[in-house]
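Okay, structure first, notes after.
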Amino acid sequence: ILFFGREFFDLAIVKSYIEGQVAGKGWEDGLLRNAKFNNPHQICFTEDGKLYIADCGNNCIRVIDTRLSIDKATVSTPIGLPGMKGYKDGGPDIAMFNHPFGVAVSADGQIVYVADTGNKVIRKLSIQ
């Protein structure tokens, strides 16, 4: 069971969104019901209710704010360039990954660790 806003939802329902069973596969940010993912792997929650997702097929890290109700929850891409793989350090607008499989977030939500599998490195990123 996953808590969205003030409502509880079965994790299978959220999983169906993330796996593309609702909106289809691909990349699209926005409302959760319209968002598209491509081969998502590991997820990680922060204490403030954000759900980070390693979107392997889109070569980026995605975030869902679970403090909102499921019908108002939005998906964003804070790190990586969707659909473009490579290795590049930098800010959110230029950082590149190659099939990120894993994601972990520090307790304060300020540092994100990414298993950048295609580049065979662990990346440490600051969220601002």
Proximal charge balance of Trp27 [Cβ under 11 Å; K/R count +1, D/E count -1]: 0
Residues of segment 39-128: accessible area per residue with a 1.4 Å probe, Å²: 48 Å²
DSSP-loop trypsin sites (Lys or Arg not before Pro) across segment 43-128, with at most 10 other Cβ within 10 angstrom: Lys120
Order of exposure, largest accessible area first, which applies to Ser69, Ser76 with probe 1.4 Å: Ser76, Ser69
Partners for Lys72 among lysines (Cα-Cα distance below 26 Å; same-chain residues under 8 apart left out): Lys15, Lys25, Lys36, Lys50
Carbon + sulfur, % of accessible area of segment 86-128 - ligands and nucleic acids excluded, 1.4 Å: 56 percent
Label-point gap, in nm, between Gln42 and Ser69 - each point 7 angstrom along Cα→Cβ: 3.4 nm
Segment 24-122: equivalent-ellipsoid semi-axes (sqrt of 5 x gyration tensor eigenvalues, Cα, Å): 20, 16, 11
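The values are calculated or read from the model by the stated rules, or taken from the named source; none is laboratory data. If you're wondering where the values come from, they're calculated on a predicted model, not measured in any experiment. Here Cβ is always computed from backbone atoms with ideal geometry, including for glycine, and neighbour counts include all displayed protein chains. Side chains are part of the model used for accessible areas, which takes the heavy atoms of the whole protein and leaves out ligands, DNA and RNA. Shrake-Rupley method; radii C 1.70, N 1.55, O 1.52, S 1.80 Å.
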